[in-house]
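Here is the structure we will look at.
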Amino acid sequence: MNKKWAVKRLTINLTSSEVERLEKYCSTTGRPATDVIRELIRSLTVEEISNTN
């Protein structure tokens, strides 16, 4: 399956404890960090703001 990836690359700064936590999770689940982060972003709920101008 050929996936077309997003149009933007994102760099984030993490604390050493955050990196350690992410690496442990990825090691336990066998999933790459990129997939885990994408899933977390997709799970975010964003309330629609009504434009009342």
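The values are calculated or read from the model by the stated rules, or taken from the named source; none is laboratory data. Being a predicted model, the structure only gives us computed values, none of them experimental. When we count neighbours, we look across all protein chains shown, and the Cβ atoms used for this are built from the backbone with ideal geometry, even at glycine. Ligands, DNA and RNA are stripped out before the accessible areas are found, and what is left, the full protein with its side chains, is counted by its heavy atoms. Shrake-Rupley method; radii C 1.70, N 1.55, O 1.52, S 1.80 Å.
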Mind counting the residues in segment 12-52 that are open to solvent by 80 Å² or more (accessible area, probe 1.4 Å) and of a type outside the set (S, T, N, Q)? 16
Among all residue pairs at least 6 apart or on different chains, which show Cβ distances below 8 Å where the first residue, located in segment 23-45, is closer than 17 Å to residue 11 by Cα and the second is open to solvent by 100 Å² or more (accessible area, probe 1.4 Å) and hydroxyl-bearing (Ser, Thr, Tyr)? 36/25
